[in-house]
């Protein structure tokens with residue numbers, strides 16, 4: 001029999017209680033808090049969900065896995081009211097009652113809260129303003145009780161183990177702490193079911209561990225969690241149950257109690273086949289020709305008022321993949337941007353040599369002309385124009401190739417985009433599909449195709465597999481191998497050490513704006529990389 005537990009939460013400016021959902025042993029109840037029955041959701045020309053059944057027990061951490069485009073986010077948008085009742089068929093049963101949500105507010109009223117990968121915080125507002133935005137604590141019908149707001153915000157951030165001043169602005173926090181503010185905001189609405197969509201995608205290892213521990217703590221206090229994640233190691237570590245979707249259909253639900261959850265099992269069910277080696281091997285055909293060399297490279301950021309790169313030296317040879325490893329904030333992305341025409345506006349000092357000739361790259365256009373390409377880590381913010389179609393995005397960085405006197409040749413644009421769709425397997429019925437309608441993995445392929453169309457000699461990939469599933473990762477890795485076998489050189493920046501070790505020929509480690517080590521792949525381990533990254 002489940003015991004009642006007292007769960008502090010905030011609603012209407014007063015502390016209220018949640019109902020019991022864990023038993024004496026701390027294990028989850030068999031009673032479902034959520035059932036989604038025969039959910040079908042169709043977009044024009046695409047059936048995103050087909051008769052999906054999904055059940056979550058009270059008090060468990062339930063992971064939702066599947067390849068990009070499998071329907072995970074669509075299912076959660078149905079659950080949270082983003083897609084209102086009437087736009088899908090099937091039933092949502094929550095707390096024992098059939099629910100018909102018309103808006104997100106409707107789902108929040110019954111205790112469902114969702115936190116997306118792209119955080120819904122307002123950077124210029126304070127932490128306490130963000131926590132109670134839309135759920136203000138009022139003295140009367142017209143006036144907000146700011147003192148009580150700050151007091152309760154302070155209590156909320158303590159619950160998520162966040163040690164900050166609630167009067168600080170959100171923009172002053174790192175991504176990991178912003179995630180905790182989002183969770184504090186959810187707790188302020190008396191949440192019973194918390195949905196987290198790729199919460200650790202942009203976090204470093206320590207922040208990821210802290211967030212997973214917080215989920216365990218919330219579970220212990222009676223909050224049920226649904227976690228969407230492509231980090232299968234984390235799924236295996238934390239999940240009580242895992243439901244896997246593929247092509248908009250429920251494939252299976254696995255149980256930790258029964259010993260069914262493992263990375264190989266998850267991969268097999270997600271992609272419909274076993275992948276023996278997620279990092280495909282290639283024949284090493286590197287030459288000794290150095291295609292890019294950077295010497296004594298320094299960068300000063302006038303906005304931060306400090307040096308961000310200090311005496312950096314590195315090179316890359318033809319047909320080689322070099323990995324850049326390091327903690328978030330170490331300077332890896334700043335290094336990539338500074339050599340790619342310096343769009344960040346840093347004050348630079350040092351030398352760049354391209355095929356032994358010194359180059360002066362003061363603008364990204366000059367870098368492109370010199371044979372460099374840069375696939376940003378933020379594909380949605382900086383890499384793609386989401387409201388434009390695939391063909392427009394693919395040709396964007398090299399329009400002059402298909403333009404005559406400033407007029408784009410539409411037929412040539414379609415032909416080129418169609419060729420890239422085929423060659424790198426962008427899953428879409430037409431290149432005139434909006435990029436915003438694609439899955440994360442296919443968006444990433446469009447971002448890569450955009451830069452391949454510039455015909456680079458050196459391709460810089462910044463976090464190339466962030467937020468994409470294991471099947472799409474394998475396709476990206478296979479494409480990387482194909483490109484270097486054709487003579488291209490690739491610089492890969494990644495926060496995932498297995499990825500750096502699995503794909504690189506050499507590894508440079510960056511720490512506080514300096515290169516602290518260069519490791520041949522034969523001598524590289526996670527341990528010596530982390531030692532160089534933190535020393």
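The values are calculated or read from the model by the stated rules, or taken from the named source; none is laboratory data. The structure displayed is predicted, hence computed values, not measured ones. Positions of Cβ are backbone-derived with ideal geometry, glycine not excepted, and every protein chain shown enters the neighbour counts.
Annotations for the structure displayed:
- Condition met for residue 210 (touching a strand residue (DSSP E or B) at 6+ places or on another chain (Cβ under 7 Å) and outside any strand (DSSP E or B)): no
- Some residue of region 450-469 being modelled with pLDDT under 90, over 16 Å from the mean Cα position of the chain (by Cα), buried (at least 18 other Cβ atoms within 10 Å of the Cβ) and not assigned by TED's automatic domain parsing to the domain that holds residue 69: no
- Region 389-405: number of residues that are within 23 Å of residue 367 (Cβ to Cβ) and not in a helix (DSSP H, G or I): 2
- Residue in region 376-383 that is within 21 Å of residue 466 (Cβ to Cβ), touching a strand residue (DSSP E or B) at 6+ places or on another chain (Cβ under 6 Å) and modelled with pLDDT of 90 or more present: yes
- Scope region 166-176; condition at pLDDT below 85 and surrounded by 19 or more Cβ atoms within 10 Å (Cβ to Cβ); matching residues: 176
- Any hit, region 351-361, residues being part of a helix (DSSP H, G or I), surrounded by 15 or more Cβ atoms within 10 Å (Cβ to Cβ), out of contact with any helix residue (DSSP H, G or I) (no Cβ under 8 Å at 6 or more places or on another chain) and not assigned by TED's automatic domain parsing to the domain that holds residue 68: no
- Restricting 163, 141, 73 to residues that are modelled with pLDDT under 90, part of a helix (DSSP H, G or I) and assigned by TED's automatic domain parsing to the domain that holds residue 210 narrows the list to 73.
- Set 79, 75, 121, 64: member being out of contact with any helix residue (DSSP H, G or I) (no Cβ under 9 Å at 6 or more places or on another chain) and surrounded by 14 or more Cβ atoms within 10 Å (Cβ to Cβ): 75
- When each of 311, 389, 301 is tested for being touching a residue at least 40 places away in the same chain (Cβ under 8 Å), outside the structural domain of residue 468 (by TED's automatic domain parsing) and surrounded by 14 or more Cβ atoms within 10 Å (Cβ to Cβ), the lone residue that passes is 389.
- Any hit, region 37-60, residues being under 19 Å from residue 106 (Cα atoms), surrounded by 16 or more Cβ atoms within 10 Å (Cβ to Cβ) and at pLDDT below 95: no
- Residue satisfying all of: in region 86-99; part of a loop (DSSP other than H, G, I, E, B) and touching a strand residue (DSSP E or B) at 6+ places or on another chain (Cβ under 8 Å); modelled with the lowest pLDDT among these: 95
- The sole residue among 283, 201 that is in contact (Cβ under 8 Å) with a residue 24 or more places away in the chain, closer than 29 Å to residue 377 by Cα and more than 23 Å from the chain's Cα centre (by Cα) is 283.
- Single residue of 306, 332 found to be without any contact (Cβ under 8 Å) to a residue 12 or more places away in the chain and closer than 30 Å to residue 173 by Cα: 306
- Between 248, 272, the distinction of being loosely packed, with under 15 Cβ neighbours inside 10 Å and farther than 24 Å from residue 496 by Cα belongs to 272 only.
- Scanning region 112-138 for residues that are in a loop (DSSP other than H, G, I, E, B) and touching a strand residue (DSSP E or B) at 6+ places or on another chain (Cβ under 6 Å) yields 116, 117, 136.
- Going through (1) within 30 Å of residue 288 (Cβ to Cβ); (2) in the same structural domain as residue 515 (by TED's automatic domain parsing); (3) surrounded by fewer than 22 Cβ atoms within 10 Å (Cβ to Cβ) one by one, residue 424 falls short only on (2).
- Long-range neighbours under 7 Å by Cβ, at least six apart or interchain, first residue more than 15 Å from residue 188 (Cα to Cα) within region 139-150, second modelled with pLDDT of 90 or more and in a loop (DSSP other than H, G, I, E, B): 139/145
- Being outside any loop (DSSP other than H, G, I, E, B), surrounded by fewer than 21 Cβ atoms within 10 Å (Cβ to Cβ) and under 27 Å from the mean Cα position of the chain (by Cα) holds for only one residue in 148, 108, and it is 108.
- Any hit, region 184-191, residues being surrounded by 22 or more Cβ atoms within 10 Å (Cβ to Cβ), more than 21 Å from residue 497 (Cα to Cα), touching a residue at least 60 places away in the same chain (Cβ under 8 Å) and within 15 Å of the chain's Cα centre (by Cα): no
- Looking across 102, 156, 168, one residue alone is touching a residue at least 60 places away in the same chain (Cβ under 8 Å) and not assigned by TED's automatic domain parsing to the domain that holds residue 330. It is 156.
- Single match in 264, 280 (criterion: surrounded by fewer than 19 Cβ atoms within 10 Å (Cβ to Cβ) and assigned by TED's automatic domain parsing to the domain that holds residue 477): 280
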